[in-house]
Amino acid sequence: MFHERYSCHFCGRFVLEVEGWAESTQPYHQILAPWDDEATFFGGASYHLACLRSFDRHAEVRREFLAWITVTRDTISLMGTDGLQHESTRTGLGFTERVAVLASGEIYESPRFDRWVFVESAGPFHILDLERAETLGRGERLRGNDGVHSQLLPADPGKRIEKWDLPALLDFLQIRDLYQGLLDDYAPNYRFFEGGHSRAGYVADYSLSAYIPLPDDVTTFFAGYLRDYVPKRLEDA
Ligand SMILES: [Zn+2]
């Protein structure tokens, strides 16, 4: 497995983050990583979602994602440096109610908030708030987050990066093949803001969003489910 920052955990190549395609977990996320001989947790990992889907142990990744997504709090057993097992309390995402089993995956709902998570059969997961679920329910495609990323690049592109479009940037990063499907069919919106040098190297500030590739059965599910859904009241939370 690969552990360098911005290297895909599964393929080792650079990860240019874009929701629904290439993501990372937060360092404090206590997702266990039994498939990884060198790390206890999957926290702080970057990955291309397609690489997770094709990883030969993706069923284990999915199982550990689910174990963390579907609990509010639980106890996990960890091997200590003393070679003994120790119990530790973990906070999960709290999507405790399974509301759909689909051909493409499962959907879990938060009992407190109007939020769902779709966990693909092949492992990747997608968090959906009510607005997103409603967009899907109307049969529309869902565009990923277009917030600004600050990302360390593996090499200094110089001033020319300011003129590059997304394919040119992906060529420079030597990852265009991994993003070709996004370029072809998912209408990426790319914008470069600024770049600069940090102690670690060249950091680019950019935004990049694209349609999230969600299967049709998720769309169909929300179209039906939201017809009778009563939004949760905050005071009940
Ligand atoms: Zn990868």
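Every read-out reported here was derived from the displayed coordinates using simple, explicitly stated rules and does not represent laboratory data. What you see is a predicted model; the values in this text were computed from it and never measured. A quick note on method: Cβ atoms are made from the backbone with ideal geometry, for glycine too, and the neighbour counts reach across all protein chains shown.
Once backbone amide H atoms are built at 1.01 Å from N, residue 57 has no partners under 5 Å, excluding neighbours fewer than 5 places away on the same chain.
Which of the trypsin sites (Lys or Arg not before Pro) across segment 1-106 are loop residues per DSSP, with 15 or fewer other Cβ within 10 Å? The qualifying sites are 5, 57. By the gyration tensor of its Cα atoms, with a ≥ b ≥ c the square roots of the eigenvalues, what is the shape of segment 1-92: rounded for a/c under 1.5, prolate for a/b over b/c, or oblate? It comes out prolate by the Cα gyration axes.
For residue 71, the residues 5 or more places off, or on other chains, whose built amide H falls under 5 Å of its own are 93, 94, 95.
Taking every C-alpha pair closer than 8 Å and separated by at least 6 residues, the mean separation divided by the residue count of the chain gives a relative contact order of 17 percent. Among the GluC sites (Glu not before Pro) in segment 28-67, those located in a DSSP loop and surrounded by at most 15 other Cβ atoms within 10 Å of their own Cβ are 38.
Computed on segment 145-202, with alpha-carbon pairs under 8 angstrom and 6+ residues apart, the relative contact order is 51 percent.
Couplings 3J(HN,Hα) for segment 77-87, derived from phi with the Karplus relation 6.51 cos²θ - 1.76 cosθ + 1.60 (θ = phi - 60°), are 9, 10, 7, x, 5, 7, x, 10, 7, 10, 8 Hz, where x marks Gly and Pro.
Close amide H pairs (under 5 Å, H built 1.01 Å from N) link residue 102 with 107, residues at least 5 positions away or on another chain.
For the chain, a Gaussian network of Cα nodes joined below 10 Å ranks 108, 47, 225 by mean-square fluctuation, and the top entry is 225. Each of 8, 51 was scored by other Cβ atoms within 10 Å of its Cβ. Listed from fewest to most, they are 51, 8.
A crude spin-label estimate for the pair residue 113 and residue 134, with each label 7 Å from Cα along the Cβ direction, gives 1.7 nm.
Under a Gaussian network description of the chain, with springs only between Cα atoms under 10 Å, the residue in 54, 104, 77 that fluctuates furthest is 77. The fraction of Cα-Cα pairs per 10 angstrom bin, counted from 0 for the chain, comes to 7, 28, 33, 23, 9, 1 percent, rounded to whole percents. Between 226, 32, 66, which gets the highest mean-square fluctuation from a Gaussian network model of the chain, Cα cutoff 10 Å? Between 226, 32, 66, it is 226 that shows the largest mean-square fluctuation.
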